[in-house]
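Down below is the structure, laid out as structure tokens.
Taken together, the values in this text are just the output of simple stated rules run on the coordinates, not laboratory data. No experiment lies behind these values; they were computed from the predicted model shown. All Cβ positions, glycine included, derive from the backbone under ideal geometry; neighbour counts span all protein chains shown.
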Amino acid sequence: MNFDGNAYLGAVTRSVSELEYDGKPARAVQLTRTFRTSVEDLWDAVTNRERLPRWFLPVSGELKLGGRYQLEGNAGGTITRCDPPHLLFLTWEFGGEVSWVEVRMGAGDDTRSRLTLTHIVPVDEHWEKYGPGATGVGWDLGLVGLALHLSRVGADPFDEAACFASPEGRAFIAGSSEQWGRAAIAAGTDPEPAEAAAKRTTAFYTGGASGEG
């Protein structure tokens, strides 16, 4: 696999913020980037069951307001808000846990559109161990796939397995983890636990040793 991971990392703005959701402490993990396409095309790429497997995962279910969806081998949930072509909100249910994903789309200029993805997660043991990278790295990889799909219509889907196995992909994952660690520090997390969580996230995605007990 050969791609410029630094360019993709640099194209995304990342942030972490504290909030209360469903009456419990939570964190919002947010990614924003622009794509050279229309808002309508961006919306279609994100919501069309025929296009989703080309950059993300196959999906089944009812892709409409109130419908249940299931991503192959991954999360499922309910679509709780759908305002085409600007806003999608859904539950993200995986491994017996529930979190929430909001996707907003808007026009950047005459040739670009902006996507902001916010994943709201509970503050639990998983968060304490991995921090924002637990979800953030996965979404960084997803946005790479989306960018490739939108820039190379008809091209082969982004292969995450090949990414994990390649030196370029592993470097991208490490860079993404580090940037999420910095976002956590900017949000008020002490540097030492934030950096340790980033290392554990890299090890999780790459199968390496984090050096942490």
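Things worth noting here:
- On the beta carbon distance between A162 and V98, with R0 = 25 Å, the FRET formula returns roughly 0.20.
- Rounded to the nearest 500, the 222 nm mean residue ellipticity of the chain from helices alone is -12000 deg cm²/dmol, with -39,500 (n - 2.57) taken per DSSP H run of at least 4 residues.
- Descending semi-axes in Å of the stretch 106-212, equivalent ellipsoid built from Cα gyration tensor: 27, 19, 11
- Charging the Cβ of each Asp and Glu at -1 and of each Lys and Arg at +1, and nothing else, the dipole of the chain about its Cα centre rounds to 340 debye.
- The chain: translational diffusion in µm²/s, Stokes-Einstein, Kirkwood Rh over Cα pairs, 10 °C, 1.306 mPa s: 90
- The stretch 14-77 - percent relative contact order, Cα under 8 Å, separation 6 or more: 16
- Take every Cα pair under 8 Å whose residues are at least 6 apart in sequence, average their separation, divide by the length of the stretch 5-205, and the relative contact order is 23 percent.
- The Cα center of the stretch 167-190 and the Cα center of the stretch 14-39 differ in position by 16 Å.
- Comparing S151, S15, S177 in a Gaussian network model of the chain, where Cα atoms under 10 Å apart are tied by springs, the biggest mean-square fluctuation is seen for S151.
- Simple rule: put +1 on each Lys or Arg Cβ and -1 on each Asp or Glu Cβ in the stretch 1-114, find the dipole, and look at G5, N48, L71; the Cα lying farthest toward the positive end is G5.
- N48 versus Q70: modelled label distance in nm, points set 7 Å from Cα along the beta carbon direction: 2.5
- All other residues whose Cβ lies under 11 angstrom from that of V123 are scored, Lys and Arg at +1 and Asp and Glu at -1, for a net of -3.
- Considering only G106, G138, G23, the mean-square fluctuation computed in a Gaussian network model of the chain, springs between alpha carbons under 10 angstrom, is largest for G23.
- Equivalent-ellipsoid semi-axes of the stretch 1-111, from the Cα gyration tensor, Å, largest first: 23, 19, 16
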